[in-house]
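Comments concern the structure below.
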Amino acid sequence: MFRVEMLPAGHGDSLLIAYGDPAAPRYVLIDGGPYYTYRNQRFLKRHALSHRLEDLARQGARLELLVTTHVDADHIEGVVKLLGNWPPGLEIGDLWFNAWPHLVEAPDELLGAEHGEMLSGLIGLKRLNWNAALGGQRVAAPEVGDLAPIPLADGLQLTLLSPRPAELAALAEAWEEELRLAGLDPNSPEKALERLKESARLRPGDLLGAPAPDPQALDEEPCEGDDSPANGSSIAFLAEFEGKRCLFAGDAHPDVLEASLRRLARQWGEPRVRLDAFKVAHHGSGHNLSRELLERVDCPRYLISSNGSYFGHPDPAAMARIILHGGAEPQLCFNYRSEENEVWDNDRLRRDYGYRTQYPAGIIPGLAVEL
């Protein structure tokens, strides 16, 4: 089996991969969403990240890998909550996260360095394996040479596509400056843990709608790209198991992904990189999904994780690019039904443009996709 479950993470990301023997699958968790994804989901409590992982612990399951793609709050806060409230009995093999020790010099701004220091402090406090598959070094795609897959137990392989060392370099100065303004020191995780204890939301616990969109007109909008250093530092990779492939893009910059996929296609002798699913970057932001990127893959399914709050994701232009450049009869897979995405649940548009859609079956958000 190879299943990708998009957990209900509000405007953020939290993805659970299950693979291997259906009777005893192995698991990989990518991000934890904003803080409320971990608990306090009101009537969605049963489906919150904490309950999902507690179920795995009761089953005797093992989390082979926890990937925190980058420091934005809608990806990292739930991981901070998780490490501060770890389900008893749940084993973890490795944790991938690029923090201060993995960065070099840099310019510009970012959000989330304080969260990053909190997470770093918890990793050290709990003595978890940290980037162990990379020898404790940064999680990054090499600038030159082949993109070599990293093997996990029972045959899953992950090929890093982002960040490159340059994107991590574009984070360090901003990281240090934000910590200075917050009164923290990147070389003193103890202070970050004290700040964590003071955080009310992160501290450890003991068919009315808009008119149908016009994909052709939306496709004419330029993809201006993403210049956020935090997003540029995002870990993205290609996961492979028993011939199935899924690209997990985090919030990575589109030009970085496109360049890595071009290298990978050349390396594998494929005209396009064949995928079974593509978890699109940045919740379907138009800044992170370009026509050039889509032209590097051959993919039938595109996974979009967002409830539309805060930033209105997914962007109509990004969905239009998938519909027009995402292959023959691409499928848009949403883990929520929202005002922003239900405009694509339109029989005329599906007929005219030859795409498919998938939404949660009932009122409970979240979507599992079998590959």
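FYI, it's all coordinate maths here, none of it is from the lab. What you are looking at is a predicted structure, and each value in this text was computed from that prediction instead of being measured. Every residue, glycine as well, gets a Cβ built from its backbone with ideal geometry; the counts of neighbours run over all protein chains shown.
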Order of V343, V369, V144, V71 - criterion: other Cβ atoms within 10 Å of each residue's Cβ, fewest first: V144, V343, V369, V71
Which order do K279, K126 fall in if you start with the one that has the fewest other Cβ atoms within 10 Å? K126, K279
Nearest-0.05 FRET efficiency for I363 and R39 at R0 = 25 Å, using Cβ-Cβ distance, is 0.80
Ellipticity estimate at 222 nm from DSSP helix runs (n ≥ 4, -39,500 (n - 2.57)) divided over the chain, nearest 500: -8500 deg cm²/dmol
Given a Förster distance of 56 angstrom, what is the FRET efficiency for A133 paired with R348, based on the Cβ-Cβ distance and rounded to 0.05? 0.70
Qualifying GluC sites (Glu not before Pro) in the stretch 239-291, DSSP loop, other Cβ atoms within 10 Å at most 12: E242
Given N residues in the stretch 288-364, what is its alpha carbon radius of gyration divided by 2.2 N^0.38 Å? 1.05
How large is Rg/Rh for the chain, to two decimals, with Cα atoms and a Kirkwood Rh? 0.95
Determine which residues of the stretch 116-133 fall in the zone a paramagnetic label at W86 would reach in this model, i.e. backbone nitrogen under 12 Å from the point 7 Å along Cα→Cβ. 122-130
Give me the distance in nm between label points sitting 7 Å out from Cα along the Cα-to-Cβ direction at L125 and Y310, one decimal. 2.3 nm
FRET efficiency, R3 to L181 (Cβ-Cβ, R0 51 Å, nearest 0.05): 0.75
Going fewest to most other Cβ atoms within 10 Å around each Cβ, L349, L56 line up as L349, L56
In the stretch 267-317, the chymotrypsin sites (Phe, Trp or Tyr not before Pro) that sit in a DSSP loop and have at most 15 other Cβ atoms within 10 Å of their own Cβ are Y310, F311
